[in-house]
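So the structure is just underneath, and the comments pick up after that.
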Amino acid sequence: MDMVLNHSYGLSPLVKLYYDESTYKVSDENPWYNVDSPNPDYFWGYDFNHEAQATKDFVDRVNSFWLNEYKVDGFRFDFTKGFTNTEGNGWDYDGARISILKRMADEIWTVNDKAYIILEHFADNSEEKVLANYDMMVWGNITGNYGEAAMGYNENGKSDFNWISHKNRGWNEANLVGYMESHDEERLMFKNLSDGNFAGLYIIQSLNTSLERIELVATFFITVPGPKMIWQFGELGYDYSIDENGRVGNKPIRWDYYTEKNRKKLYNVYSALNHLKTSEPAFSTSDFNMEVSGALKRIELNHSDMDVRIIGNFDVRDGAIDPNFRQTGDWFDYFSGETLNITNVNELITLAPGEYRMYTTKQLETPEIISKIDNSIVIESTTTIYPVPASDFLYASTASEAETTTVFDLNGRIVSHNKARGINEAIDVSGLNSGIYFLKLEFKNAASEFLKFIKK
């Protein structure tokens, strides 16, 4: 649950109870708020006084309510840097703020000792280290460096994303929630297409090359030990600017991206990386190293189960890199399934611009990055749906037996999900409002199909 307890606005009953219309502020008799925020640079609405007992009680009751009544598994707290009465812009180490957050976390963990606590903090690293070591997770904004890496600009260390590593921050615990994109950041694909680098015929501003660059940065993002956040449709190369329809305005929902071959390939790369992240212990190792300051980058993961070497060329020209293999013998290319016999652990490997490889000492199942596209996406529909527009029922006649049917509205919300019964489906749409919807059919051979229909 994304929770805002740093401030509230004028419609809050807590504000209205003690609102002073002569000053347009809360009165000094209110039990919850500071009359004025102690932070002169970052403040919104009415600032909670987190040192007040009434605020502590309110915070604890709100959090326990969501944990008990709605069974949420944790919170992402907005702007926790503001949970203090210490004057200033909040960047410096603040012991009072640490105490406030630890107290709140302890109360949450008395309700659910496994609850996630994620802080949007952005304070001094020495303070974030204390919070992370207390088992709270802290947001890590690395969008600028990953953006430069994706666009192919590496001079003066601008593409150095080593801060994605909790170890490089000096933290003891892997509680850094790193991200390349968020609600506050420009999309990597938009930046690639607008400002990507080029050399000769290698042009990052071309769509397919730009999508391949997102594969490249994703491989050097998800594999770093520690939790990660993937922002909405980033796994499909979403390329609308954050300023589309205004900065906080609605953005287009592009379900059709799943039907584009190279976007689905990117999605499959994300899927394969996430599978490794959650199934292979080497990707949670504490013994890892990152060499990512230049255009040719390397990640080394060492673990008793297997070693991993990830290499990538973030330049727009060919380059050779030393993978720094820890042992001779067979290493396996995860994405191609090929075996590489190593006799010289420092033998250079030449990579084309944008090319990446992942070598492991244990042979893993090769992911179906390319072939999945042909199996799972049907460009020329084999399904007939009728009547169009539909009234009470939508009928789908399929070439093969469907397993499930899912209906989405234009905002991407699931409004119907049912098990299918065969090659002829009757889907009840009588409860839907008039409008445009998408039908997703999933088949037993792992294929899927999206179709648009109108409900009258």
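If you take the beta carbon distance between Thr278 and Asn324 as r and set R0 to 25 Å, what does 1/(1 + (r/R0)^6) give as a FRET efficiency, to the nearest 0.05?
Values: r = 26 Å, r/R0 = 1.04.
Efficiency for this residue pair is about 0.45.
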Check: Expressed in nm to one decimal, what extension gain is obtained for the pair Ser206 and Thr110 from 0.36 nm per residue of sequence separation less their Cα-Cα distance?
Finding: 29.3 nm
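So what's the back-of-envelope 222 nm ellipticity for the chain, counting only DSSP H runs of four-plus at -39500 (n - 2.57) apiece and dividing by all residues, rounded to 500?
Helix contribution divided over all residues of the chain: -7000 deg cm²/dmol.
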Next item on the list: Please work out the Cα center distance from region 190-231 to region 50-80, rounded to the nearest Å.
Entry: 38 Å
Checklist line | About the Cα centre, charge dipole magnitude for the chain (Lys/Arg +1, Asp/Glu -1 at Cβ), debye | finding: 1060 debye
Next item on the list: Note the per residue figure in Å³ for the convex hull of the C-alpha positions in the chain.
Entry: 184 Å³
Margin query: Show me, for region 287-303, the HN-Hα J-couplings you get by feeding each phi into the Karplus relation (A = 6.51, B = -1.76, C = 1.60, θ = phi - 60°), rounded to Hz, glycine and proline as x.
Written below: 9, 9, 9, 10, 10, 10, 7, x, 6, 9, 10, 9, 10, 10, 10, 10, 7
Margin query: As a footprinting exposure proxy, order Trp109, Trp231 by other Cβ within 10 Å, with the fewest listed first.
Written below: Trp109, Trp231
Item checked: Dipole of the chain, positive end: most advanced residue of Ile454, Asn344, Phe325 [Cβ charges, Cα centre] -> Ile454
Next item on the list: Scan around Ile342 for amide H atoms under 5 Å from its own, H built in the peptide plane at 1.01 Å from N, and keep only partners 5 or more places away or cross-chain.
Entry: Gly329, Asp330, Trp331
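So how do Trp163, Trp91 line up by other beta-carbon neighbours within 10 Å, fewest first?
In order of increasing Cβ crowding within 10 Å: Trp91, Trp163.
Sort Phe161, Phe288 so the one with the fewest other Cβ atoms within 10 Å of its own Cβ comes first.
Values: Phe161 26, Phe288 20.
Ordered from fewest to most neighbouring Cβ atoms within 10 Å, Phe161, Phe288 come out as Phe288, Phe161.
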Check: From the phi of every residue in region 201-206, what ³J(HN,Hα) in whole Hz does the Karplus formula 6.51 cos²θ - 1.76 cosθ + 1.60 yield, where θ is phi - 60° and glycine or proline is x?
Finding: 8, 8, 10, 5, 6, 7
Item checked: For region 129-137, Karplus couplings with θ = phi - 60° (6.51, -1.76, 1.60), whole Hz, Gly/Pro x -> 4, 4, 5, 5, 6, 8, 6, 8, 9
Check: For labels at Ser271 and Ser397 in the simple 7 Å Cα→Cβ model, what's the distance in nm?
Finding: 3.0 nm
Notebook entry, point to check: Between Lys251 and Lys419, how many nm apart are label points set 7 Å from Cα along the C-beta direction?
Noted result: 3.7 nm
Check: Amide H neighbours of Arg254 under 5 Å, counting only residues 5+ apart in sequence or on other chains, H built in-plane at 1.01 Å?
Finding: none
Check: If you take the charge dipole of region 2-279 about its Cα centre, with +1 on Lys and Arg Cβ and -1 on Asp and Glu Cβ, which of Gly170, Trp44, Trp255 is farthest toward its positive end?
Finding: Trp255
Note to self: For Lys452, give me every one of the lysines with a C-alpha distance below 29 angstrom, ignoring sequence neighbours fewer than eight places off in its own chain.
What the structure shows: Lys251, Lys261, Lys264, Lys265, Lys372, Lys419, Lys440, Lys444
Margin query: Please list, ordered by chain and number, the residues whose modelled amide H lies under 5 Å from the amide H of Tyr18; skip anything fewer than 5 residues away on the same chain.
Written below: none
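Values quoted throughout were computed directly from the atomic coordinates according to the rules given, and no laboratory measurement underlies them. Small disclaimer: the values here were computed from a predicted structure and weren't measured. Every residue, glycine as well, gets a Cβ built from its backbone with ideal geometry; the counts of neighbours run over all protein chains shown.
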